[in-house]
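The values are calculated or read from the model by the stated rules, or taken from the named source; none is laboratory data. Small disclaimer: the values here were computed from a predicted structure and weren't measured. Glycine also receives a Cβ, built like all others from the backbone with ideal geometry; neighbour counts cover every protein chain displayed. In case anyone asks, the SASA skips ligands and DNA or RNA and just uses the protein heavy atoms, side chains included. Shrake-Rupley method; radii C 1.70, N 1.55, O 1.52, S 1.80 Å.
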Amino acid sequence: AKASGASQLVVKDLKEEFVSEYIYPCLRAGAVYERKYLLGTSMARPVIAKAMVDVAKEVGADAVAHGCTGKGNDQVRFELTFYALNPELKVVAPWREWDITGREDAIEYAKKHNVPIPVTKKSIYSRDRNLWHLSHEGDILEDPANEPKEDMYMMSVAPENAPSKPEYLEIGIIAGVPVSINGKDLSPASLLAKLNEIGGKHGIGRIDMVENRLVGMKSRGVYETPGGTIMAAAVRELESLTLDRETMQWKDMLALKYAELVYAGRWFDPLRQSIDAFMENITATTTGSVTLKLYKGSVNVASRKSPYSLYREDISSFENGEIYNQADAEGFIRLYGLPTRVRAMLEKGI
């Protein structure tokens with residue numbers, strides 16, 4: 001930064017804040033965008049933008065800048081956060097305002113001003129990496145018909161090259177968020193880093209998708225989210241014990257809106273915060289442990305346990321029990337099926 005002309009440099013370690021205050025709320029909510037995307041870049045932008053606003057206040061700056069392309073989602077995510085936290089800040093967006101029309105122009109600018117960058121015109125993938133994921137866009141991926149090259153991946157091995165022996169992991173969960181691996185408590189960032197290492201070794205968490213960007217166009221991206229995929233599977237499986245049917249259905253419906261808000265950069269929107277309060281409340285009893293089996297790219301549940309489990313073996317058993325009288329089902333079916341029966345009677349003139 002200083003070599004390219006900055007007068008002052010501020011570096012902040014936001015890893016723990018990122019996981020506990022941004023990733024874990026999304027995980028607890030079950031937020032997934034368009035069936036696949038675990039929101040790795042979407043969650044990261046507000047934590048960075050918030051830190052930028054904080055630093056601007058500390059140093060007395062009246063403007064902030066970002067290097068997002070004018071075609072993407074990130075410009076919206078950064079700027080909505082700026083608006084929400086300090087609407088008086090001026091926003092400078094060189095990609096939109098200068099003569100930078102593409103990544104090759106950006107590479108030329110960086111070379112001219114001695115700014116070191118990890119991409120070249122031969123390897124022109126657009127990547128975003130943080131503790132949750134690694135995204136890949138651009139180059140051959142711009143044609144959805146092209147299969148990704150194996151040498152593109154950086155966080156995970158190919159599933160076919162993963163160990164031939166499965167690995168079992170016990171994930172401890174309290175109130176909807178992971179707290180331990182195999183009985184060992186870890187900080188949020190340390191736990192995620194450890195699961196990334198384990199999941200990457202087993203080829204877990206590769207996603208190839210065509211998504212709808214907020215600005216209206218479709219884009220193709222490939223995501224590596226090994227630890228996040230394991231976490232999401234564990235939380236979802238524990239909820240099968242601790243949430244009743246109606247609550248789970250409403251949670252799933254609101255999760256879609258939650259993911260949409262996060263994807264669209266509306267982290268500090270009152271609606272997301274209100275949905276978050278709902279999610280925190282209903283997952284208060286999502287506590288227990290889930291044992292997962294990792295094998296060549298797959299994550300399968302082996303065991304679920306919770307002190308707040310709504311599952312009762314004495315009720316669910318096919319053997320007769322005192323709480324559930326099978327004879328009661330006859331009257332229930334008659335009442336529950338009454339609208340269906342009446343409609344059929346009308347159609348048959350009965």
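State all residues of segment 223-238 that are over 14 Å from the mean Cα position of the chain (by Cα) and surrounded by fewer than 22 Cβ atoms within 10 Å (Cβ to Cβ); if no residue qualifies, say none.
Across segment 223-238, the qualifying residue is only E237.
Taking the residues in segment 139-153 that are part of a loop (DSSP other than H, G, I, E, B) and not acidic (D, E) as candidates, determine which candidate is most open to solvent (accessible area, probe 1.4 Å).
Across segment 139-153, the extreme among qualifying residues is K149.
Could you check segment 1-38 and list, in sequence order, the residues that are under 21 Å from the mean Cα position of the chain (by Cα), of a type in the set (A, V, I, L, M) and either within 18 Å of F268 (Cβ to Cβ) or not in a helix (DSSP H, G or I) (or both)?
L14, I23, A29, A31, V32, L38
From the set of residues in segment 117-138 that are touching a residue at least 60 places away in the same chain (Cβ under 8 Å) and part of a loop (DSSP other than H, G, I, E, B), which is nearest to A106 (Cα to Cα)?
Looking at residues that are touching a residue at least 60 places away in the same chain (Cβ under 8 Å) and part of a loop (DSSP other than H, G, I, E, B), I get N130.
Going by the structure shown, is A6 open to solvent by 50 Å² or more (accessible area, probe 1.4 Å), farther than 25 Å from Q273 by Cβ and free of Cβ contacts under 8 Å to residues at least 24 places away in the same chain?
no
Of the residues S156, S164, which is exposed (fewer than 11 other Cβ atoms within 10 Å of the Cβ), modelled with pLDDT of 95 or more and of a type outside the set (F, W, Y)?
When all the criteria are applied, what remains is S164.
Let's see how each residue does on (1) within 30 Å of Y223 (Cα to Cα); (2) touching a residue at least 24 places away in the same chain (Cβ under 8 Å):
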residue: S289; (1), (2): yes, yes
residue: K293; (1), (2): yes, yes
residue: N300; (1), (2): yes, no
residue: S309; (1), (2): no, yes
residue: D314; (1), (2): no, no
residue: E322; (1), (2): no, no
residue: A327; (1), (2): no, no
residue: T340; (1), (2): no, no
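Can you give me the number of residues within segment 111-138 that are under 30 Å from A232 (Cα atoms) and open to solvent by 60 Å² or more (accessible area, probe 1.4 Å)?
2
Does R96 qualify as being in the same structural domain as K194 (by the TED database), in contact with a Ser or Thr (Cβ under 8 Å, 6 or more places away or on another chain) and not in a loop (DSSP other than H, G, I, E, B)?
It is false that R96 is in the same structural domain as K194 (by the TED database), in contact with a Ser or Thr (Cβ under 8 Å, 6 or more places away or on another chain) and not in a loop (DSSP other than H, G, I, E, B).
Among residues belonging to segment 280-323 that are of a type in the set (G, A, S) and assigned to a strand (DSSP E or B), point out the one that is most open to solvent (accessible area, probe 1.4 Å).
A302
What are the residues in segment 25-44 that are open to solvent by 30 Å² or more (accessible area, probe 1.4 Å) and within 17 Å of L131 (Cα to Cα), if any?
L38
Here are some conditions: (1) more than 15 Å from the chain's Cα centre (by Cα); (2) β-branched (V, I, T); (3) part of a helix (DSSP H, G or I). T41 meets all but one. Which one does it not meet?
For T41, the failing item is (1).
Is it true that S164 is small (G, A, S) and in contact with a helix residue (DSSP H, G or I) (Cβ under 7 Å, 6 or more places away or on another chain)?
Here the answer is no, as S164 does not meet what is asked.
Being surrounded by 14 or more Cβ atoms within 10 Å (Cβ to Cβ), out of contact with any Phe, Trp or Tyr (no Cβ under 6 Å at 6 or more places or on another chain) and over 19 Å from G138 (Cα atoms) is the requirement here; does E97 meet it?
no
Listed residues I181, I207, I173; which is open to solvent by less than 10 Å² (accessible area, probe 1.4 Å) and in the same structural domain as P25 (by the TED database)?
Only one candidate qualifies: I173.
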